[in-house]
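> Sharing a structure here in structure tokens format.
The values are calculated or read from the model by the stated rules, or taken from the named source; none is laboratory data. Because the structure is predicted, anything quoted here is derived from the model rather than measured. FYI the Cβ positions are ideal-geometry reconstructions off the backbone, even for glycines, and counts take in every protein chain you see.
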Amino acid sequence: MTFVGKPYGDFAQPPVLLEHWKFDAIQRGITTVLPDGCRDLIIWRGKGMRPHCFVTDLATGCDQVPVSAGDHFNGFRLHPGVQVDVDGLLASLDDGLDDVAIKERLHDYATPLPQVSEALACLASGVTSVGDAAAMLGVRLHSLQRLLKRETGRAPVFWLRLAHARQAVSRLGHAGALADLACDAGYADQAHMTREFRRWFGTTPHRIRADAGWVTRNFVAGYGA
């Protein structure tokens, strides 16, 4: 597969870790987790319990995660498209590792692929179709589809739709009509954007805009925005 140009300086290695985050549950409840195009290494420790480590799958929709008071989550969010040797990574972790050592393990067992990074960046660049992205990358549509399906487990249209939705959410705080926002985000009309919001986030643009704290509570760093 040949790409136009040489991003990342002759395909130099893109970064592995996007964000290191921590979360402590103060009380029992439900935490909303939105699709962000990333996989996370999470070390969860319940109150009085030994830590449990796992790597998340790519989320395809809004998820409601139950938490209990005292739960502690130590998360390492990987860049979109990074490949992970899950079994090797989890086997390398033990209770005594600090955050620096965990990050070193991630670099041992997680591999960013420059061609995948370039393809995902193109799909999040504002293109309106997968065909347009393939043309910008200088590859055949089938080649782009095969690459992303093989390396990420998701077709290019998944990444395109997720980028559009996340970018639209990030702009909801700006003044302006929702119809204009829909057009700017690459949707056919406001109804189309509303359907996509329901599909990805379980709610509508109108409800998100009416809830001033929604984005702060739920939106995290990730793909496209």
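> Name the pairs whose Cβ atoms lie under 6 Å apart, with the first residue in region 191-205 and under 11 Å from Ala165 (Cα atoms) and in contact (Cβ under 8 Å) with a residue 40 or more places away in the chain, the second among the aliphatic types (A, V, I, L, M) and assigned to a helix (DSSP H, G or I), and 6 or more positions between them or separate chains?
Trp200/Ala165
> Among the residues of region 19-67, write down those that are of a type outside the set (A, V, I, L, M, F, W, C), within 19 Å of Gly81 (Cβ to Cβ) and touching a residue at least 24 places away in the same chain (Cβ under 8 Å).
Residues satisfying the conditions are Glu19, His20, Pro35, Asp36, Gly37, Arg39, Asp40, Thr60.
> Going by the conditions given, is Leu41 within 18 Å of Val116 (Cβ to Cβ) and at pLDDT 95 or above? Explain how you work it out, then say what you get.
Values: within 18 Å of Val116 (Cβ to Cβ): no; at pLDDT 95 or above: yes.
Answer is no for this residue.
> Given the conditions (1) in a loop (DSSP other than H, G, I, E, B); (2) in contact (Cβ under 8 Å) with a residue 24 or more places away in the chain; (3) hydroxyl-bearing (Ser, Thr, Tyr), which single one is not true for Tyr187?
Unmet for Tyr187, out of (1) in a loop (DSSP other than H, G, I, E, B); (2) in contact (Cβ under 8 Å) with a residue 24 or more places away in the chain; (3) hydroxyl-bearing (Ser, Thr, Tyr): (2).
> On to the next question. Looking only at region 16-56, count how many residues are of a type in the set (A, V, I, L, M, F, W, C), within 21 Å of Gly222 (Cα to Cα) and in a loop (DSSP other than H, G, I, E, B).
3
> Evaluate region 177-199: report whether one residue or more is among the aromatic types (Phe, Trp, Tyr) and in contact with a Pro (Cβ under 8 Å, 6 or more places away or on another chain).
Yes; the residues of region 177-199 include at least one that is among the aromatic types (Phe, Trp, Tyr) and in contact with a Pro (Cβ under 8 Å, 6 or more places away or on another chain).
> Are there helices (runs of 4 or more DSSP H) fully within region 113-152 with at least 2 residues that are closer than 18 Å to Arg39 by Cα? List them.
Counting at least 2 such residues, we get 114-123, 141-152.
> Got a number for residues in region 113-126 being in contact with a strand residue (DSSP E or B) (Cβ under 9 Å, 6 or more places away or on another chain) and crowded, with 19+ Cβ neighbours inside 10 Å? Before the answer, list the steps.
If we filter region 113-126 for residues that are in contact with a strand residue (DSSP E or B) (Cβ under 9 Å, 6 or more places away or on another chain), which is where we start, we get 113, 116.
Restricting the remaining residues to those that are crowded, with 19+ Cβ neighbours inside 10 Å gives 116.
Total meeting the criteria: 1.
> In region 87-104, how many residues are more than 15 Å from Leu18 (Cα to Cα) and part of a helix (DSSP H, G or I)?
Step one: list which residues in region 87-104 are more than 15 Å from Leu18 (Cα to Cα), which gives 87-98, 101.
Pick out the ones that are also part of a helix (DSSP H, G or I) and you get 87-92, 101.
Counting residues in region 87-104 that are more than 15 Å from Leu18 (Cα to Cα) and part of a helix (DSSP H, G or I) gives 7.
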